[in-house]
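Take a look at the structure set out below.
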Amino acid sequence: MGSGVWSTDVYDAADRYRRSTGRSAFAYSDSGARTVHSKLDPHGTVRESRDSADHPESISIAVLFDVTGSMGDVPRVLQTKLPKLLGLLLRNGYARDPQILFGAVGDATCDRVPLQIGQFESDNRMDDDLGRIVLEGGGGGQLTESYELALYYLARHTELDCFTRRGRRGYLFVIGDELAYDRVKAREVRNVCGDDLSEDIPIRRIVSEVRRKFDTYFLLPRGASYAGNAKVLDFWRGLLGQNAIELDDPNAVCETIALAVGLGEAAIDLDAGLSDLAAAGSTVAASVSTALAPVERGGRVLSTWGLPTTLHGDDRISRL
Amino acid sequence: MNNVLVADLGYGDAGKGTVVDWLCAKGIDGRPVAAVVRYNGGGQAGHSVVLPDGRRHVFAQFGAGTLRGVHTHLSRFMVVDPLALVVEADHLADVGVPDALDRLTVEGDALLTTPYHRAANRAREIARGAHRHGSCGKGVGEAMGYALAHPSDAPRVADAQAPGVLGAKLAVLRDRLVDELGPLDVPPVEATVRAFGAFAARVPIVSRAFLGNLLAVGPVVFEGAQGVLLDEWHGFHPYTTWSTTTFDNAETLLVEAGQAGNATRLGVLRVVTTRHGPGPLVTEDPALPLTDPNNPTNRWQGRFRFGHFDAVAHRYAIEVCGGVDGIALTHLDIVGPALKFCDSYDWTDRLLPGPVGDLARQEALTRRLFSTRPRFSNGPVDWPSAVSAALDAPVVVTSHGPTADGKQVLRPNWAARAHPAAAGGHPAR
């Protein structure tokens, strides 16, 4: 991939054409499919994010979002916005060799597709994964989805060169509006991932495991059904500290993710990132600013649960 | 029914955009315009249109009638830039035209300009340094030059439908350019194929016969790009473009559609003669108190230059393109005592057209023009009459402001008559 603006243009153009059709990029889902697409099926798989000649310093970025009914229109908004992410990261120099994986979270207790996982891609093939995601529309109602299953998969079924070769964590963004179940259930893991666990894993243990590998964020968009719900935010702040972020405007999701990566990679500070947004004519700067200000300030943790002590000093962001 | 061919009789920037917009807003002889056809150039065009409500767009590939809901057809004489096209469509959506891509057809034989052409174009202009040619840096000339050298290897619009074919052509193109110019900052072939495939999936790619359908619907406006004085053969070599900027391509398209000569030729001129980029501008006067908000200084063309009305150069333009039926004279709102009128040079009042292909002759002419001095008289009181008399062609419409409302028709039914010289069909190139 070249480093010039053309790289962005080529990737950007395909996305612009796709968006211009008004045709949903959730074509697979809209075609009536209700089972996981074979390319997104997590069963018995490992997702690899590898260095290559073109991408010698890959940095892994996983973006998973809740596709259950409680999220309302948010998944479709994300679908139109997420293809911009690669371009944003490259154009602004926030990350040199990003490899992005898209995935979706449902409810393993009642949904047919509790977990859908794409591949880490360095070009817009990741958009194809986005198009294969089945929108559940189920779940909801009990304020809980199977986020813990997704965290389990990312913790144990990914291989990241940035982590194993260079000791740098990847980034994980989970976009959702509900609580996780309190434990990763061995039975669900067997069905969905194909692993034999001897016992369930408590949510805190899997969170701490995934955070060793990924700098992990939870984004709670306003406009989703439980948005602003203090219980949900408190739950995730209890697990992730200031990395649980409330998002005023789902349209700002790409910019928020890009800036969080830029901050994490120490490529920018928040002010510089916000000026990049303004220069690009973005109208979401205010929303991004609100969302990320606590992240940049770091340290200030709003939680009724208290933070696990292991998180202090463990988080690149909080040292900024 | 009458079709209208629009061309700039100077070095570009005279106001083709606003004239085409006006034609599409008002219709031709009381009939709505069926389509705007681009018949030369590529995405380097910059045809500015302002609507009365203040919305504006600078058209690069879409026809300048798009804000009026008029269909655009890109003929095979156009060099198509799919990456820029969709960015332009998005901007059109921002100014209230969300369906521009739904009103677009592209001829499959048209050349494509690619990131590889663009990178090569820029590498060459940088290497030329002070001797740059004033290229826009968008790879249009590079695409045409490559197609001349390797006609069967040149990527064309229809190839975007066949990823295997396109990928092979792009790989050969990239390798040839890198061999010649050294490493270029370009994206991988597969990513480019993917982007062009998205273009092909979105935009209808049509055959040569499609234009006949448009002509059957109603009058068609053929929108030229750049200016006749930049023509690849008749311009002042080497400060020219890789494109035929006369009416020839448009006449060829009409002949093929069985409508030979069924068109009125409208030449566009400003009350000042301007040039963006290097090359002869005999009447140049840096003291002219003018600026052009549509033409900021850019890295590839440099600053925008103003000169007094150069009737000698414009007479030459009319002669090389075989005559015009009418002139649209723009920017009458800037007329003032500072503007002068040049009807002759210190050595002649007529530049003789040469044969197509004699670039040595054109280069000699260029050298002569660099040492030519203009003879000025004071600007006329009645600009339309003075221009009509000096160029022996009637000014049929004048423009007094940026919008269609600022146009004044001096000759009703000006479009009723076809151009006599073209009635038998213009020699096709």
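None of B:277, B:326, B:307 is of a type outside the set (Val, Ile, Thr), open to solvent by less than 10 Å² (accessible area, probe 1.4 Å) and modelled with pLDDT under 95 except B:277. When you scan segment B:252-271, do you find a residue that is of a type in the set (S, T, N, Q), closer than 27 Å to residue B:379 by Cβ and open to solvent by 20 Å² or more (accessible area, probe 1.4 Å), even just one? Checked segment B:252-271: no residue is of a type in the set (S, T, N, Q), closer than 27 Å to residue B:379 by Cβ and open to solvent by 20 Å² or more (accessible area, probe 1.4 Å). Taking each residue of segment A:145-167 that is touching a residue at least 24 places away in the same chain (Cβ under 8 Å) and looking for partners that are of a type in the set (Phe, Trp, Tyr) and crowded, with 17+ Cβ neighbours inside 10 Å with beta-carbon atoms closer than 7 Å, six or more apart or interchain, yields A:146/A:181; A:148/A:181; A:154/A:214. Restricting B:359, B:391, B:365 to those that are in contact with a helix residue (DSSP H, G or I) (Cβ under 8 Å, 6 or more places away or on another chain), more than 30 Å from residue B:52 (Cα to Cα) and either hydrophobic (A, V, I, L, M, F, W, C) or modelled with pLDDT under 95 (or both) reduces the list to B:391.
Can you say whether residue B:93 is surrounded by fewer than 24 Cβ atoms within 10 Å (Cβ to Cβ), away from chain A (no Cβ under 12 Å) and aliphatic (A, V, I, L, M), as far as the supplied structure shows? Spelling it out, it is not the case that residue B:93 is surrounded by fewer than 24 Cβ atoms within 10 Å (Cβ to Cβ), away from chain A (no Cβ under 12 Å) and aliphatic (A, V, I, L, M). Only strands (runs of 3 or more DSSP E) whose full extent lies in segment B:39-92 are considered here, and the ones with at least 2 residues that are in contact with a strand residue (DSSP E or B) (Cβ under 9 Å, 6 or more places away or on another chain) and farther than 18 Å from residue B:399 by Cβ are B:71-74.
Exactly one residue among B:337, B:355, B:412 is part of a loop (DSSP other than H, G, I, E, B), under 24 Å from residue B:284 (Cβ atoms) and over 20 Å from the mean Cα position of the chain (by Cα), and that residue is B:337. Of the residues screened, residue B:106 is one that is touching a Leu at 6+ places or on another chain (Cβ under 6 Å), at pLDDT 90 or above and not hydroxyl-bearing (Ser, Thr, Tyr).
Across segment B:71-88, the qualifying residues are those that are open to solvent by 10 Å² or more (accessible area, probe 1.4 Å) and hydrophobic (A, V, I, L, M, F, W, C), and the one among them that is farthest from the other protein chains (Cβ to nearest Cβ) is B:77.
So, residue B:245, is that one assigned to a loop (DSSP other than H, G, I, E, B), under 22 Å from residue B:396 (Cβ atoms) and either small (Gly, Ala, Ser) or out of contact with any Phe, Trp or Tyr (no Cβ under 9 Å at 6 or more places or on another chain) (or both) or not? Yes, satisfied. Among the criteria (1) assigned to a helix (DSSP H, G or I); (2) open to solvent by less than 10 Å² (accessible area, probe 1.4 Å), the one residue A:187 does not fulfil is (2).
Condition check ((1) more than 11 Å from chain B (Cβ to nearest Cβ); (2) assigned to a loop (DSSP other than H, G, I, E, B); (3) modelled with pLDDT under 85) across all residues:
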| position | (1), (2), (3) |
| --- | --- |
| A:3 | no, yes, yes |
| A:9 | no, no, yes |
| A:16 | no, no, yes |
| A:29 | yes, no, yes |
| A:39 | yes, no, no |
| A:42 | yes, yes, no |
| A:45 | yes, yes, no |
| A:53 | yes, yes, no |
| A:56 | yes, yes, no |
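Screening B:313, B:338, B:317 for residues that are of a type in the set (Gly, Ala, Ser) and farther than 19 Å from residue B:9 by Cα leaves exactly one candidate, B:338. A single member of B:368, B:375 is in a strand (DSSP E or B), open to solvent by 30 Å² or more (accessible area, probe 1.4 Å) and basic (Lys, Arg), and it is B:375. Scanning for something open to solvent by 70 Å² or more (accessible area, probe 1.4 Å), assigned to a loop (DSSP other than H, G, I, E, B), closer than 22 Å to residue B:28 by Cα and in contact (Cβ under 8 Å) with a residue 60 or more places away in the chain, does segment B:386-407 turn up at least one residue? For segment B:386-407, residues open to solvent by 70 Å² or more (accessible area, probe 1.4 Å), assigned to a loop (DSSP other than H, G, I, E, B), closer than 22 Å to residue B:28 by Cα and in contact (Cβ under 8 Å) with a residue 60 or more places away in the chain: present. Restricting attention to segment B:207-225, the residues being hydrophobic (A, V, I, L, M, F, W, C), open to solvent by less than 40 Å² (accessible area, probe 1.4 Å) and either assigned to a helix (DSSP H, G or I) or within 14 Å of another protein chain (Cβ to nearest Cβ) (or both) number 3.
The C-beta contact set for segment B:168-189 (first residue of a type outside the set (Asp, Glu), second residue open to solvent by 70 Å² or more (accessible area, probe 1.4 Å) and at pLDDT below 95, distance under 8 angstrom, 6+ apart or interchain) comprises B:188/A:54. Considering only residues that are closer than 18 Å to residue A:75 by Cβ and at pLDDT 85 or above, which ones fall in segment A:222-244? Result: A:232, single match.
The one condition from (1) assigned to a helix (DSSP H, G or I); (2) in contact with a Gly (Cβ under 8 Å, 6 or more places away or on another chain) that residue B:187 does not meet is (1). Comparison of B:228, B:172, B:140 shows that the only residue that is more than 14 Å from chain A (Cβ to nearest Cβ), touching a helix residue (DSSP H, G or I) at 6+ places or on another chain (Cβ under 9 Å), open to solvent by 20 Å² or more (accessible area, probe 1.4 Å) and of a type in the set (Val, Ile, Thr) is B:172.
Residues are listed down the side, and each one gets a yes or a no for (1) modelled with pLDDT under 85; (2) touching a Cys at 6+ places or on another chain (Cβ under 7 Å); (3) more than 24 Å from residue A:148 (Cβ to Cβ):
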| site | (1), (2), (3) |
| --- | --- |
| A:204 | no, no, no |
| A:209 | no, no, no |
| A:276 | yes, no, yes |
| A:282 | yes, no, yes |
| A:307 | yes, no, no |
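For segment B:109-119, the tally of residues that are open to solvent by less than 10 Å² (accessible area, probe 1.4 Å) and either within 18 Å of residue B:59 (Cβ to Cβ) or not in a strand (DSSP E or B) (or both) stands at 6.
The set of residues in segment B:175-206 being open to solvent by 60 Å² or more (accessible area, probe 1.4 Å) and within 9 Å of chain A (Cβ to nearest Cβ) consists of B:185, B:190, B:194, B:201.
The values are calculated or read from the model by the stated rules, or taken from the named source; none is laboratory data. Bear in mind the structure is a predicted one, so any value in this text is a computation, not a measurement. Please note: Cβ atoms are built from the backbone with ideal geometry, for glycine as well, and neighbour counts cover all protein chains shown. Protein only, heavy atoms only, side chains kept; ligands, DNA and RNA dropped before computing areas. Shrake-Rupley method; radii C 1.70, N 1.55, O 1.52, S 1.80 Å.
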